[in-house]
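Chemist: Got a structure here, written out as structure tokens. Questions coming.
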Amino acid sequence: MDTLSDLADGVVNGDESKVSALTAQAIDTEGSAKRILDDGLIRGMTIVGERFKAHEIFLPDVLMAAKAMYVGLGLLRPLLIEENVDSLAKVVVGSVQGDLHDIGKNLVGIMLKGAGFEVIDLGNDVSPSRFVEAAKEHDASVIGLSALLTTTMPVMKSVVDEVRSQGLGDRVKTIVGGAPVSEDFARKIGADAYGFDAANAVDKVKTLVGKN
Ligand code: B1M
């Protein structure tokens with residue numbers, strides 16, 4: 001098995017020390033942090049999702065895998081973030097109310113920081129009013145919403161509606177993303193953009209603030 005397949009395997013098995021050692025090894029040998037992320041950590045988590053869906057593994061296994069993934073992400077983080085002196089714009093990010101999944105949202109935050117944005121991370125289970133209040137308080141240009149559950153996707157519409165009803169639509173743009181979210185859904189709820197992964201989210205946010 002090559003290092004990245006082995007790393008994916010470590011995530012699947014929730015083996016934190018293996019993930020730590022292999023991520024460190026991959027950083028030395030692979031060169032590209034994005035490749036380690038995609039072909040190692042995310043690949044592992046995708047397998048976990050498939051096995052969970054097929055009832056081959058259970059929630060505690062998924063939690064252990066998530067913890068292991070965070071160990072790897074922690075090591076990759078400095079490589080994903082390049083220091084940028086000037087902030088391009090402020091972006092508020094969070095997982096919507098009812099949603100505790102935060103790995104994808106955290107990745108989006110890391111990549112945005114790496115691209116020079118100032119990121120205000122509200123965490124998970126964030127209510128629509130809190131998103132809007134934070135955007136006003138920090139004078140943010142963009143609100144980034146993440147949802148991993150079909151049941152929490154409607155909260156995204158509530159945030160978009162709240163931005164509009166408070167008359168902020170011209171200066172605060174919204175971007176949505178997460179495994180069950182699609183371009184079509186984004187259009188239907190009136191979001192300004194959809195990001196299919198963290199790198200794409202960065203491109204879309206740049207476009208939203210006119211920096212592309
Ligand atoms: Co849960 N879970 N989970 N889970 N979990 C899913 C999402 C599920 C698809 C698994 C399955 O059945 N195959 C399923 C949802 C089904 C559905 O709604 N259709 C599910 C379920 C059912 C549940 C519970 C209800 C289980 C239960 O309790 N019975 C429960 C719900 C808790 C809650 O939120 N209220 C639950 C709990 C959990 C854990 C806590 C155990 C854990 C989360 C730990 C954590 O996040 N800290 C967990 C995990 C880890 C998963 C899977 C396995 C992996 C998610 C993940 O982190 N992927 C997931 C299956 C899957 O998605 N394959 C699953 C890696 C991450 C990098 O990808 O988050 O998709 P992702 O982010 C991507 C893109 O989507 C995008 O960029 C990232 C890549 O660059 N992206 C954005 C994300 N946000 C974005 C925002 C943007 C732009 C792009 O703009 C702002």
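Chemist: Give the lysines reachable from LYS173 as a straight Cα distance under 29 Å; neighbours fewer than 8 places away on the same chain don't count.
Modeler: Output for LYS173: LYS34, LYS90, LYS105, LYS113, LYS136, LYS157, LYS188, LYS204, LYS206, LYS211.
Chemist: Between LYS188 and VAL62, what length comes free when the chain is fully extended (0.36 nm per residue of separation minus the Cα-Cα distance, one decimal in nm)? List each step's numbers first, then the result.
Modeler: On the way: separation 126, 0.36 × 126 = 45.36 nm, distance 3.17 nm.
Extending this stretch completely gives an extra 42.2 nm.
Chemist: May I pose another question? Taking just the alpha-carbon atoms of the chain, what radius of gyration and Dmax come out, in angstrom?
Modeler: Reported Rg and Dmax, both Å: 17.4, 55.
Chemist: Take the Cβ-Cβ distance between ARG171 and PHE196 as r, set R0 to 25 Å, and report the resulting FRET efficiency rounded to the nearest 0.05.
Modeler: Numbers: r = 25 Å, r/R0 = 1.02.
The pair ARG171/PHE196 has a calculated efficiency of 0.50.
Chemist: Sticking with this one: Report, in deg cm²/dmol and to the nearest 500, the calculated mean residue ellipticity at 222 nm for the chain, where each DSSP H run with n ≥ 4 adds -39500 (n - 2.57) and the sum is divided by the residue count. Walk me through the numbers before you get to the answer.
Modeler: Details: 10 runs with 116 residues, N = 212.
Only helices count here, giving -17000 deg cm²/dmol.
Chemist: A follow-up question, please. Given the stretch 3-83, report the % of alpha carbon pairs whose separation exceeds 19 Å. Kindly include the intermediate steps, with their values, before the conclusion.
Modeler: Numbers: 955 of 3240 pairs.
Beyond 19 Å sits 29 percent of the P(r) for the stretch 3-83.
Chemist: Looking at THR3, VAL19, MET69, which one has the Cα that reaches farthest to the positive end of the dipole of the stretch 3-83 (charges on Cβ: Lys, Arg +1; Asp, Glu -1)?
Modeler: Result: MET69.
Chemist: Can you list the HN-Hα couplings for the stretch 130-145, worked out from phi with the Karplus curve (6.51, -1.76, 1.60; θ = phi - 60°), rounded to whole Hz and with x for Gly and Pro?
Modeler: Per residue, the Karplus-derived 3J(HN,Hα) values read 5, 4, 5, 4, 5, 4, 5, 4, 9, 6, 7, 8, 9, 10, x, 10 Hz.
Chemist: In addition: Based on the inverse mean of 1/r over its pairs of different Cα atoms, what is the Kirkwood hydrodynamic radius of the stretch 90-208, in Å? Before the final figure, lay out each step's value.
Modeler: Details: mean 1/r = 0.0745 Å⁻¹.
Hydrodynamic radius (Kirkwood, Cα pairs) of the stretch 90-208 is 13.4 Å.
Chemist: Right, next: Treating only the Cβ atoms of Lys and Arg (+1) and Asp and Glu (-1) as charged, compute the dipole magnitude of the chain about its Cα centre; round to the nearest 20 debye.
Modeler: 600
Chemist: Using θ = phi - 60° and the Karplus relation 6.51 cos²θ - 1.76 cosθ + 1.60, list the HN-Hα couplings for the stretch 108-121 in order, rounded to whole Hz, with x at every Gly or Pro.
Modeler: For the stretch 108-121, the Karplus-derived couplings read 4, x, 4, 5, 5, 4, x, 8, x, 8, 8, 10, 9, 9 Hz, x marking Gly and Pro.
Chemist: Work out the length of the dipole vector of the stretch 90-208 about its Cα centre, built from +1 on the beta-carbon of each Lys and Arg and -1 on the beta-carbon of each Asp and Glu, and round it to the nearest 20 debye.
Modeler: Values: 13 positive and 16 negative charges, 43 e Å.
That gives a dipole near 200 debye.
Chemist: In terms of modelled amide H atoms, which long-range or inter-chain residues lie less than 5 Å from the amide H of SER95?
Modeler: GLY123, ASN124, ASP125, VAL126, SER146
Chemist: With a cut-off of 8 Å between alpha carbons and a minimum separation of six or more residues, what is the relative contact order of the stretch 126-172 in percent?
Modeler: On the way: 27 pairs, mean separation 22.1, N = 47.
Across the stretch 126-172, relative contact order equals 47 percent.
Chemist: Fully extended, how many nm does the chain gain between ASP125 and ASP161 (0.36 nm per residue separation, minus their Cα-Cα distance)? Please report the intermediate quantities before stating the final value.
Modeler: Values: separation 36, 0.36 × 36 = 12.96 nm, distance 1.79 nm.
Residue separation times 0.36 nm, minus the Cα-Cα distance, leaves 11.2 nm.
Chemist: Quote the relative contact order of the stretch 90-208 in percent (integer), defining contacts as alpha-carbon pairs under 8 Å separated by 6+ residues. Don't jump to the answer; show the numbers that get you there.
Modeler: Details: 235 pairs, mean separation 32.7, N = 119.
Normalised by residue count, the contact order of the stretch 90-208 is 27 percent.
Chemist: Long-range amide H contacts for TYR194: which residues qualify at under 5 Å (H placed 1.01 Å from N, peptide plane, sequence gap of 5 or more or a different chain)?
Modeler: VAL176
Read-outs throughout are calculated quantities, based only on the coordinates presented, and are distinct from any laboratory measurement. Values in this document were obtained by computation on a predicted structure and should not be read as measured data. Neighbour counts are summed over all protein chains in view; Cβ atoms, including those assigned to glycine, are modelled from backbone coordinates with ideal geometry.
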